[in-house]
Amino acid sequence: MISFILRRLMTLIPLLLGITMLAFILMSLAPGDFLTPVKAQRDVSVELIQAIESEFGLDQPWYIQYYKWLGNVLQGNLGHSWAYKLPVSELIGQRIWATFLLSFSSLIFSWMIAIPLGVLAAIYKDSIFDRISAGLAYAALSIPEFFLALILVFFAAQTGLFPLGGATSIDYEYMSFGGKLLDRAHHLILPTLALGIGSIASIMRIMRANFIDTIRGGFVITARSKGVRESVVMFKHVLRNAINPLISAFGFALSGLLSGALMVEIVLQYPGLGQLMYQSILREDQFVVLASVMLGCSMLVFGNLLADILLAWSDPRIRLERKN
Amino acid sequence: MFQRMFRQALLLGLLIFLLTLISGCDRERAEERPKLPVLPLPLDKLQVNFPTGVFGANLSETVPGDIATVNPLVNESLAGSLVIGRILDSLVTLDPVDGAVIPNLAKSWEISEDSLQYTFHLREGIHWSDGHSFTAEDVVFTWQTFFAKKQDELTGENMMDSQGRPVYRYNSRSTFGQLINGQEPKVEMIDLHTVRFTTPEVYAPFLLFGGGEEILPKHILQDAFKNGTLMDQWSVQTAINEPWKIVGLNMFVLESYRPGERIVFARNPNYWKVNEMGERLPYVERVISKIVQDVNSSNVAFAQGLTDFESIAPDNVAWVRRGQKKFDYTLLDMGPSNSTNFLWFNLNPGTNSEGKPLVMPHKSKWFSDKRFRQAISHGINRKGIIRGVYFDRADILHGYVSPKRKFWYNEAIRKYEYSTEKSKKLFAEMGFQYRDNKLYDFENRQVEFSLMTNSNNGLRVEMATVFKENMADLGIDVELQFLDFNTIVTKTSDSFEYEACMLGLGGGAPDPYAGKDILMSGGRMHFWNPQQAEAATPWEARIDELMRQVGRHTDVNIRKKFFNEVQAILAEEQPLIFLVSPKDFIGYSNRWRNIEPTPLGGVTWNLESLWAEPE
Amino acid sequence: MTLFYIFREVFRRPLGIFSACVLGLLYMTAIFAGLLAPYQTNEQDLNRTYHPPTKVFWKDGGLHVEAYKLVDPSEARYELVEELSYPIELFARGYEYRLFGLIPLERHLFQVKDDIGPIYLLGSDSTGRDVFSRLIYGSQVSLFIGLIGIIITASLGFLVGGLSGYFGGRTDFLAMRLVEFMMAMPGLYLLLALRGALAPHFPSDQMFFVIVVILALIGWAGTARILRGMTLALRQNQYVMAAESMGQPPIAILLKHILPNLVSYLLVAATLSIPGYVLGEAALSFLGLGIQEPAASWGLMLSQAQDVKVFYLNFWWLLIPGFAIFITVIAYNILGDVLRDIVDPKMQTS
């Protein structure tokens, strides 16, 4: 087990090296750098621009910049954001929890709705309810997240029921503790919906399939023949086993945590990591891009690893060592 | 067993969720915020004549974009200037009605006979927000930071760059912005409340440009100045962790800052303006500025009744207006704005690094003929742009100066009304011909060019598509290129490989000399052919000469005469083809009193006198 | 399992018929865009911006379209003029276009007679362009980007996956590390970075190809991995060994003996991954990084709907391109599922 985890983690090293180098090359191919917009301001002199350029080492080729950056990272220094003039670690630390909160709330939201729906659809297989929910699931799976977000913004603007954009209100700082909680929750509703609806559909479909598979299992027949009440069979025996494979879905959810919310964050103007990343790419704020790419990549590997571990843990038939 | 595990997992999940929610809510640190001492009213306090109001209201507003620093020497962003402008103050300021230079921290000044010496008399008894006295030493210190030289560590001598210019220790925008033809103005302290500047040559805008510099507190920053960390001071981290360390002379101090979320200002208890009753202003207790992504979200916040003051984009007026009754606010049309939109052709005759011409020679021939540029200008349906893109809320822009700058605006310049006949006549004069409704030049080449503009500006993208259709009516094929702003700037200021470009400018200092980098042929932003060693055409040479005169004369009427001619030449030659200038709209919540908006000052020019009943 | 068999099975199932018909209709619209669209994509009318959709009705023995009057230009508010309507002419002459990009034509299915008024079936946009016509022309980009992209992806995936599965050893090792590397990258981030690096080096009318290439570059890895596994298994078959012993070159073996066995899998995988391309293009164009004005694509059209004035002044018709994307994606998803059921219900797809 431990050797398996170690082996998986070891693959991260060449991966991160390769990806950061690729990011460096791609960014050096894009014209201009983060100083370019400054050049367009009318009261900035050539001398000032040259001075800043050499200060940041922007006048050097990419491999020298990369080498320097790598040296810093190995010493635990992720560098400074140029646009925010903050250490990258601090900047990401500020944003990551907002994204985490959003992903988490949409995860809970979608599970809370999808599991009961999936179970019902399985119990009443081939009924009208099953068909309608299957159709809706199809629709929900196919609707682009950013379009859904756009429709939600439209809805919010027309009704005035929800705030447009941001994570908190203007006078947030002066609210009571309960008020703060409510305010945050209020701002979370639309992004949660936009992000959660797609996953409701997929979790529901998995849940339904699992449940149907388990109903056919031998132990269900045994339980029924013992005279256990049908509801107890369904909820105690079947549900427990059907939910098993979903545990690993949690790991996958973690892997997509950071890149998944990008479009929704942009459309709904939610100040999370996705938005930060997007703006940093546009601004060519190199070190922020590199750190977020590294983070996103590590999350992907960790998430998949976690999914495997959870799966093995919940299902003793699977052994990690053989799988690779 | 599994059920229990699942329940535990669920509980754990909920717990984490709540914890995150709370940790996000409550990240207040134990504050060691020093209490600001309140000192007696200054001797030279300024009494403002507005009806007396009530103290204690909070003001809500939005800032477009986040700040990167609170240090004026480092700041590059608009949001940063807005925030710093709330905290720091300058010797002189502009009259919100007529735009004249008026006293601020300096109560008066004299200019010597030869127009070289400026002597400022500072208000006496003013204190920084932390209670320290403000004196001429602060002014001298501020200017020292601009021009401190980098010294060789071994010899202790001033270092020089390859062109024999001194290397400055702190490269700030002011360092190079305040140089007058490459020379430094001299600053000296006469006594604690008098400071004298000497310019190396007659330099008309000095009163505004030099006097408008924000003054830094010497007692706070001098250690950093000495040990070389000046540029690291007043960073975002200071603003987050120790906002009280940022000390100023203006009406507010920083109370707290949360990146990406909000900036809160508190009232400066030692401000130097008083009301009619002799009470210290401002009335506002706190300003809460929410950081938003762009103008649109800022407008949305106002339209939902969440903020108190707002300048509204012309295309948003229609729907913001609808909320006036419901949220009790007022929307005002303030007339023309400073923003300009224009396009130009690349007139750079040079070659790239491979020896290929930057613009194909036959196209260069068209572009450099003024009749071609005039014909294009006649072919643009500016009224249609205003109607379609701006919802009738913009003005036709005839020349370099926006009609907002009434004083400098030259009404008598040549104007180019929308007329395809006039365009076609001009093309005919040049020997161009039409075949199958397409335009061909005298060498039988089809007339076509590409126009680039930045993709992130929706209105400009629409204007560009209108331009393309207008040109199609003239038989010209235009290829539109929507590029990132970085790519555009790289092309216009580094590689020069493009044919035509559409951009806009906003704001800028109200002195015509502020445009020297655009108008003079050696300027870095002389868009159509920048940084010429010597003026390429007689008319550019003439503009160079006129601009030098504009800089050299102190009599505004003489300056205006020269600047009028600059505008006339630009209108005749059309190196920049101007399009439209949007109107300014402002909105304010009706709970505020003493509001007297002006086109130049907006709503908040008398922020110290604005008041509302505290909730 | 022949392609013909799969084809027949699809049309035996109601969902199969339904999705195939929807897709067929969509592609026919794209192909006959010139015939169906009353206006060109870039035809502006600055006096009729944000015009609401006009209804078509039957009157005096002919089709007519409602007339509107602009009552408040500062708000783009239009009012219906009850007594006025414009007659519609079918198969009338209009602007010139080329059917299939070849045959010059100027007849259009419908337009207002003598062009005396506008016909905006789905309203007009910010510069008075017809949303209906742009939607139809936009479908050419949005629909074909998936087809072209998947051809590149499938060939690349087959080449890498097939060769590494066939040869094994070091080739296999290197190829699979590359695949893992590609799969470990957060897709959308890579998309943005690649676009930033590549786009400035191409003129904006070649953007279509830049986007296809970028999307294909990101997408091939998953296909390659699965194809490698399948090739590995097929390789053990006797007829492959026989071909090998007869001295046929590897490429010929791959194409002649292995590819035919993979076709049904490729078909399912392709159908299920086309929505990814449609969405990828839409997302990029939506962010202003894809197809550029004045060309039309659904994502680009939707980006106009991001503007706050669209929400508050209720120009709802600008959201329609989003529904078009939605319908395309759902049709492909259904068709993909039907195909998978036919070919192999337990098939693992990327």
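Straight-distance candidates among the aspartates and glutamates for linking to C:K113, with alpha-carbon spacing under 16 Å and chain neighbours fewer than 8 residues away dropped: C:D60, C:E66, C:E89.
Using the Cα centre as the reference, give the magnitude of the dipole from point charges on the C-beta atoms of chain A (Lys, Arg: +1; Asp, Glu: -1; all else neutral), rounded to the nearest 20 debye.
1840
Counting DSSP beta bridges with both partners in chain B, what percentage is antiparallel, nearest 5? Of the beta bridges lying entirely in chain B, close to 80 percent run antiparallel.
Coupling constants for the range B:408-416 follow from the phi torsions by the Karplus curve (6.51 cos²θ - 1.76 cosθ + 1.60, θ = phi - 60°), and in residue order they are 8, 5, 9, 6, 8, 7, 5, 10, 10 Hz; glycine and proline get x. For the protein assembly as shown, the gyration tensor built on C-alpha atoms gives a prolate shape. Its axis ratio a/c (a ≥ b ≥ c) is at least 1.5, and a/b is the larger of a/b and b/c. Which angle between 0 and 90 degrees, to the nearest 10, do you get for helix B:556-573 versus the longest principal axis of chain B when only C-alpha atoms count? Tilt of helix B:556-573: around 40 degrees.
The modelled label-to-label distance between B:S133 and A:T11, using points 7 Å beyond Cα along the C-beta direction, is 7.3 nm. Where the centroid of each part is defined by its Cα atoms, how far is the range B:75-99 from the range B:325-398 in Å? After rounding, the separation between the Cα centres reads 29 Å. Across the range C:193-199, coupling constants 3J(HN,Hα) worked out from phi with the 6.51/-1.76/1.60 Karplus curve, θ = phi - 60°, read 5, 4, 4, x, 7, 8, 3 Hz, and Gly and Pro carry x. Relative to the longest principal axis of the Cα atoms of chain C, the long axis of helix C:169-183 lies at roughly 30 degrees.
Going by the alpha-carbon gyration tensor, a ≥ b ≥ c the square roots of its eigenvalues, is the range B:102-170 rounded (a/c under 1.5) or, if a/c is not under 1.5, prolate (a/b greater than b/c) versus oblate? Can you show the working numbers first?
Details: a/c = 3.97, a/b = 1.67, b/c = 2.37.
The shape class here is oblate.
Taking label positions 7 Å along the Cα-Cβ direction at both C:Q236 and B:R414, the computed distance is 8.5 nm, reported to one decimal.
Which FRET efficiency, nearest 0.05, do B:T52 and C:V71 yield, Cβ-Cβ r, R0 45 Å? That gives a FRET efficiency of 0.45. The C-alpha atoms of chain B define a longest principal axis, and helix B:2-25 lies at about 90 degrees to it.
Annotation for A:N77 and B:K326: the two label points, set 7 Å from Cα along the Cα-Cβ direction, are 5.3 nm apart. Between C:L15 and C:L80, the contour length at 0.36 nm per residue exceeds the alpha carbon distance by 19.3 nm. Averaging Cα coordinates gives a centre for the range B:176-214 and one for the range B:446-505; these two points are 41 Å apart. Counting only residues at least eight positions apart within a chain, or on another chain, the lysines with an alpha carbon under 22 Å from that of B:K107 are B:K45, B:K186, B:K218, B:K273.
What is the sum of charges around C:V131, taking Lys and Arg as +1, Asp and Glu as -1, for the other residues whose C-beta is under 13 Å from the C-beta of C:V131? If you can, show how the numbers build up before the last one.
Working: positive: C:R48, C:R129, C:R134; negative: C:E43, C:D45, C:D125, C:D130.
That works out to -1.
Taking amide H as placed 1.01 Å from N in the peptide plane, the amide H of C:Y78 sits under 5 Å from that of C:V71, each at least 5 places away or on another chain. For C:D60 and C:L35, what is the calculated FRET efficiency with R₀ set at 22 Å and r taken between the beta-carbons, to the nearest 0.05? With a Förster radius of 22 Å, E is 0.25. Based on alpha-carbon centroids, what's the gap between the range C:148-211 and the range B:523-574 in Å, whole number please? Each part reduced to its Cα centre gives a spacing of 54 Å. Considering only alpha-carbon pairs that sit under 8 angstrom and 6 or more positions apart, the relative contact order computed for chain B is 18 percent.
The residues B:M463, A:M112, when put in order of fewest to most other Cβ atoms within 10 Å, stand as A:M112, B:M463. The amide H of B:L94, built 1.01 Å from its N in the peptide plane, has B:I102 as neighbours under 5 Å, considering only residues 5 or more places off or on other chains.
So, R0 is 22 Å and r is the distance between the beta-carbons of B:E201 and B:E110; what FRET efficiency does that work out to, to 0.05? Show your work: numbers first, answer last.
Details: r = 19 Å, r/R0 = 0.86.
Here the calculated transfer efficiency is 0.70.
Annotation: amide H of B:I312 within the under-5 Å range of B:F585, B:I586, B:G587, sequence separation 5 or more or interchain, hydrogens built in the peptide plane. Residue by residue, the range B:227-238 carries 3J(HN,Hα) couplings of 8, x, 9, 4, 5, 8, 6, 6, 7, 4, 5, 4 Hz when phi is fed to the Karplus relation 6.51 cos²θ - 1.76 cosθ + 1.60 (θ = phi - 60°); x denotes Gly or Pro. Among C:I253, C:I325, C:I214, the largest mean-square fluctuation in a Gaussian network model of chain C (Cα springs under 10 Å) belongs to C:I253. Note down the net charge around B:S289, summing +1 for each Lys or Arg and -1 for each Asp or Glu among other residues with Cβ under 13 Å from its Cβ. Here the charged neighbours net out to -3. In percent, rounded to a whole number, the relative contact order of the range A:89-318 is 29, using alpha-carbon pairs under 8 Å and six or more apart.
Taking a ≥ b ≥ c as the square roots of the eigenvalues of the Cα gyration tensor, the range C:32-129 is oblate, since a/c reaches 1.5 or more and a/b is not larger than b/c.
Read-outs: derived from the displayed coordinates by stated rules, not from any lab. These figures come from a predicted structure and were not determined experimentally. Positions of Cβ are generated from backbone atoms using ideal geometry, with glycine treated the same way; all protein chains shown enter the neighbour counts.
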